[in-house]
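Take a look at the structure set out below.
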Amino acid sequence: MKVTFGHMGTSAMIFADLLNNLGHEVVKPPKPSKRTLTLGVQHAPEFACIPFKIVLGTYLEVIDQGVDTIISGGGRGPCRAGYYGDLHRRILESLGYEVDFIFFFPPLKTPVDFIRKISRIKGKNSWRAFGHHFRAAWEKLMALDDLERRVHQIRPREVHRGSTSRALERGLAYLREAAALESIREARQAALETVEAVPHVPEREALRVGIIGEIYVQLEPFANFDVEEILGHMGAEVRRSIFLTQYAREDVFADGSKDIKRLARPYLDFKIGGHGQSSVGEVVHMARQGYAGVVQLAPFTCIPEIVAKSIIPRLSRELDIPVLTIFIDEQTGKAGVETRLEAFMDLLWQKKGRRDKKVV
């Protein structure tokens, strides 16, 4: 198969490696750009969400390179993501492209379908060989998550603006080149040491700011206008509510985090699709952990996040934690997002100052 997939943050390189190791010819999706979004907007339904449009644009950018198979995934239930694969396929067919979709649904809800599709991707490899390649990819994903967590801690304390982001790129290059399990572990250590070597002031005060919301706009920097980097440069030590390995354990191969669902239950007692219930529970969790504030990132028209947003003002009042919601579509501009984040951080610093004075 000559395959491609949607680009979602730094994990794209790992999915490409896994498919290559399984013997497929991979057309690696480029990082999304304005051209990507323009293509998606041109051919997508008007009220489709921004992840749908960016991913569609990605397919259109690479499909002329002979792609015959697209691999994607989505959910079951109220969220529209479960329909994305079929709708993407229909749009591509209407444009004259014949391409096969391997669209994964949550394995606990469609176990037979999931195994059948894994078998297609496995190809001629034995299950033992597949397990080996999957384990290597999983090790890379864990290393990537560890690296990004450390970057979030160092960036607001860096001496030279942008040095942490440059160190992250070097660390990603180490992981990209590693293949065997031992070399992946060595690459992880080298990447972490590269980030640790960034000149920074460990004792510099930083505000802990949580990021919640829909998975794609959390993980894809193009979709969120590099919000992690912007907040880091403003003095925020950010923590996303979603890291890919954690998401796989808790949401793909389980029915969500029991702890987060328990925290959300007094305010939202059932799953509403997407990450709606998780967003509510994460606000409670972050408030109890002493976070200074929370930023909710959501695609415009995303119903689960709209429902969560309707509950969040109550949480903000009761738990005394400011929450900024940013809905994103093709009309959203980076300058506007930066301005709102700057005002939000000013509010958080002022709030902390008032609290410190009271303590004194």
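A few comments on the model shown:
- Selection from the stretch 1-35 of residues that are assigned to a helix (DSSP H, G or I), touching a residue at least 24 places away in the same chain (Cβ under 8 Å) and not aliphatic (A, V, I, L, M): Gly9, Thr10, Ser11, Phe15, Asp17, Asn21, Arg35
- Condition check for Tyr247: touching a residue at least 40 places away in the same chain (Cβ under 8 Å) and outside the structural domain of Glu148 (by TED's automatic domain parsing): no
- Any hit, the stretch 275-285, residues being modelled with pLDDT under 95 and either on the phi > 0 side of the Ramachandran plot or surrounded by fewer than 16 Cβ atoms within 10 Å (Cβ to Cβ) (or both): no
- For the stretch 40-77, the set of residues classified as over 13 Å from Tyr97 (Cβ atoms), touching a helix residue (DSSP H, G or I) at 6+ places or on another chain (Cβ under 7 Å) and not β-branched (Val, Ile, Thr) consists of Gly40, Ala44, Pro51, Phe52, Lys53, Gly57, Ser72, Gly74, Gly75, Arg76, listed by residue number.
- Extreme residue, farthest from the chain's Cα centre (by Cα), among residues of the stretch 316-337 that are among the hydroxyl-bearing types (Ser, Thr, Tyr) and within 13 Å of Phe300 (Cβ to Cβ): Thr332
- Matching residues, the stretch 152-193, being of a type in the set (Lys, Arg), surrounded by fewer than 21 Cβ atoms within 10 Å (Cβ to Cβ) and under 17 Å from His233 (Cα atoms): Arg157, Arg161, Arg166
- Extreme residue, farthest from Leu297 (Cα to Cα), among residues of the stretch 33-59 that are surrounded by fewer than 23 Cβ atoms within 10 Å (Cβ to Cβ) and polar (S, T, N, Q): Gln42
- For the stretch 134-149, the count of residues that are aromatic (Phe, Trp, Tyr) and out of contact with any Ser or Thr (no Cβ under 9 Å at 6 or more places or on another chain) is at least one.
- Taking the stretch 168-218 as the range and being within 20 Å of the chain's Cα centre (by Cα) and over 27 Å from Phe134 (Cα atoms) as the test, the residues that pass are Arg208, Val209, Gly210, Ile211, Ile212, Gly213.
- For the stretch 262-279, the criterion of being assigned to a strand (DSSP E or B) and in contact with a strand residue (DSSP E or B) (Cβ under 7 Å, 6 or more places away or on another chain) is met by none of the residues.
- Checking the stretch 75-96 against the condition returns a match, with at least one residue being at pLDDT 95 or above and outside any helix (DSSP H, G or I).
The values are calculated or read from the model by the stated rules, or taken from the named source; none is laboratory data. What you are looking at is a predicted structure, and each value in this text was computed from that prediction instead of being measured. Here Cβ is always computed from backbone atoms with ideal geometry, including for glycine, and neighbour counts include all displayed protein chains.
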